[in-house]
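Engineer: Next up is a structure, given as structure tokens.
Nothing in this text is a laboratory measurement; each read-out follows from the coordinates by a stated rule. Note that this is a predicted model, so its numbers are computed, not measured. All Cβ positions, glycine included, derive from the backbone under ideal geometry; neighbour counts span all protein chains shown.
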Amino acid sequence: MMDGTSASPRRVTILGSTGSIGTSTMALLEAAAPGEFVVEALVAGRDAKGLAAQARRIGARLAVVADPAAYAALKAELAGSGIECAAGEAAVLEASARPVEWTMAAIVGAAGLKPTLAALSHGGTVALANKESLVCAGPIVLEAAKRHGALLLPVDSEHNAIFQALDGSDPSLIEKIIITASGGPFRTADISVMRSATPEMAVKHPMWSMGAKISVDSATMMNKGLEVIEAERLFPVHESQLEVLVHPQSTVHGMVQYADGSLLAQLGAPDMRTPISHALGWPKRMAVAMPRLDLAKLGSLTFEAPDLVRFPALRLAREALRAGRGAPCILNAANEAAVALFLGRKLGFLDIATVVEETLQRLGEPAVDGLDDVIALDAEARAVAQRLAGLRALA
Ligand SMILES: NC(=O)c1ccc[n+]([C@@H]2O[C@H](COP(=O)([O-])OP(=O)(O)OC[C@H]3O[C@@H](n4cnc5c(N)ncnc54)[C@H](OP(=O)(O)O)[C@@H]3O)[C@@H](O)[C@H]2O)c1
């Protein structure tokens, strides 16, 4: 394993810098001591204005937007700054592949897969928020990290918590891993409310402030399903050793139960700066100025089993993980397509899981041999999901 803390100042890149995780990462870098970090590249989708403002503030060398149509705006915003700018997929990959000590991989969705692989190719540390890349191409991502001697650190709060509670333990002594879930905005909602849920209701997360896609995934609990798959990829356990517990206070982020009966948990406020800072400082801890947990004020922590009837996405994700081959890629792509349609008011909330299930049934469990197969299957599953969603809209 590489210790990414050896070089000073450390060069870092943020993929998805204008998003929720990207903004929290920027906040940590901006709060750090002068000269501790230098920013090589910031990458966004199309928010040229937000990206340029970040790049100017932090003195990035390069700013890249994926959408070529946003290039003119980015160039205009950066005029006179001396900051290099570029646009398009090739430019995103070139920026991701620039050698740095630490990369935050926080592009949303399978769009983050190739940039994450490019970031792994230079053998630095990659802090992985982009769970979808591990879901759709887990073996490829893990093999790339190994081949290039790169270090992959989990940023998802649950996986970061589990990583902390595992602390290099003997895998044969791990009985189970518990991934907690807030339960989202519909935890106690009647199914009739969920049937007519609007995007505004679905993205209103009770505990976390996040991007729109992951907020909807939290509301359907597909997020927890993706996290079960992510955990199976990252940690030395079988799917049957991964338990999901609904914990509405979002205080305990993850737990590991050992053979001696010990249950080790990581607790923290529902604020992504803690797991991000853990990955940024690792193997040391960083001081982060933010409100601390007040357990006396919190009073009680509660846990309950998830309701697989109102939240079928969790069952679908486990089935896809058990099926293996291309099934997790299909699950992820169909979910991304369905969530985008729901956010565009073209699909009902409960239809998201139905479309994912039907797409999985249509496409079966095809073999995936390498990145090209994953990209092709991802595109096919999106197209099938869109067709199935269209049929539901007409019905
Ligand atoms: N938010 C959380 O608390 C949280 C927690 C755990 C894990 N995660 C994971 O972290 C990832 C990011 O989540 P988020 O909530 O930060 O999402 P978000 O707020 O929607 O931000 C997404 C970021 O990706 C950029 N982007 C979108 N498409 C792109 C493309 N094709 N190429 C390059 N950049 C692109 C966006 O740029 P524009 O702004 O220009 O669109 C934005 O910077 C997701 O995989 C999510 O599951 C998030």
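Engineer: What ³J(HN,Hα) values, in whole Hz, does the Karplus curve 6.51 cos²θ - 1.76 cosθ + 1.60 give for the range 155-172 when θ = phi - 60°, with x put for Gly and Pro?
Structural biologist: Karplus-based 3J(HN,Hα) across the range 155-172 equals 9, 3, 4, 5, 6, 5, 4, 5, 4, 5, 6, 6, 6, x, 5, 4, x, 6 Hz.
Engineer: Here's something else I'd like to know. Give me the one-decimal Kirkwood hydrodynamic radius in Å for the range 243-295, with the sum taken over alpha-carbon pairs.
Structural biologist: Over the range 243-295, the inverse of the mean reciprocal pair distance is 12.8 Å.
Engineer: For the chain, report the convex hull volume of the alpha-carbon atoms normalised per residue, in Å³, without decimals. Write out the running numbers ahead of the final one.
Structural biologist: Details: hull volume 54.9 nm³, N = 395.
It is 139 Å³ per residue.
Engineer: Follow-up. Mind checking which of 389, 329, 356 is farthest towards the positive end of the range 324-394's charge dipole, using Cβ charges of +1 (Lys, Arg) and -1 (Asp, Glu) about the Cα centre?
Structural biologist: 389
Engineer: Step by step: find N for the range 249-348, compute 2.2 N^0.38 Å, then divide the Cα radius of gyration by it. What's the final number?
Structural biologist: This ratio for the range 249-348 stands at 1.46.
Engineer: Still on this structure: In the chain, which Cys residues have no partner Cys with a Cβ closer than 4.7 Å?
Structural biologist: Singleton cysteines: 85.
Engineer: Could you work out the relative contact order of the chain, using alpha carbon pairs under 8 angstrom and six or more residues apart, expressed as a whole percent?
Structural biologist: That works out to 14 percent.
Engineer: Using alpha-carbon pairs under 8 Å, 6+ residues apart, how would you state the relative contact order of the range 266-346 in percent?
Structural biologist: Contact order relative to length: 15 percent.
Engineer: For the range 188-323, treating each Cα as an identical point scatterer without solvent, what Debye log10 I(q)/I(0) comes out at q = 0.09, 0.20, 0.21 1/Å?
Structural biologist: -0.33, -1.50, -1.56
Engineer: Next question, about the same structure. Quick one: work out Rg over Rh on the C-alpha atoms of the range 277-321, Rh as Kirkwood radius.
Structural biologist: Numbers: Rg = 18.0 Å, Rh = 14.9 Å.
Radius of gyration over Kirkwood radius for the range 277-321 works out to 1.21.
Engineer: Once you place label points 7 Å from the Cα toward the Cβ at residue 38 and residue 72, how far apart are they in nm?
Structural biologist: Computed distance between label sites residue 38 and residue 72 equals 3.4 nm.
Engineer: Given the -39500 (n - 2.57) contribution per DSSP H run of 4+ residues, what per-residue ellipticity at 222 nm results for the chain, rounded to the nearest 500 deg cm²/dmol?
Structural biologist: Here the helix-only value at 222 nm equals -14500 deg cm²/dmol.
Engineer: Also: Order these by the 10 Å Cβ neighbour count, fewest first: 120, 388.
Structural biologist: Values: 120 28, 388 23.
Arranged by neighbour count, lowest to highest, 120, 388 become 388, 120.
Engineer: Right, something else. Given C-alpha coordinates of the range 10-154, what is the ratio Rg to Rh with the Kirkwood estimate of Rh?
Structural biologist: 0.95
Engineer: Another question, then. Give me the percent of Cα-Cα pairs in the range 122-182 that sit more than 19 Å apart, rounded to a whole number.
Structural biologist: 40 percent
Engineer: If you look for lysine pairs in the chain that are eight or more places apart or on different chains, how many of them have Cα atoms under 22 Å apart?
Structural biologist: 16
Engineer: If you bin every alpha carbon distance in the range 324-394 into 10 Å steps from zero, what whole percent lands in each bin?
Structural biologist: For the range 324-394, the binned pair fractions read 24, 54, 19, 3 percent.
Engineer: Sticking with this one: Scan around residue 181 for amide H atoms under 5 Å from its own, H built in the peptide plane at 1.01 Å from N, and keep only partners 5 or more places away or cross-chain.
Structural biologist: Result for residue 181 returns 245, 246, 247.
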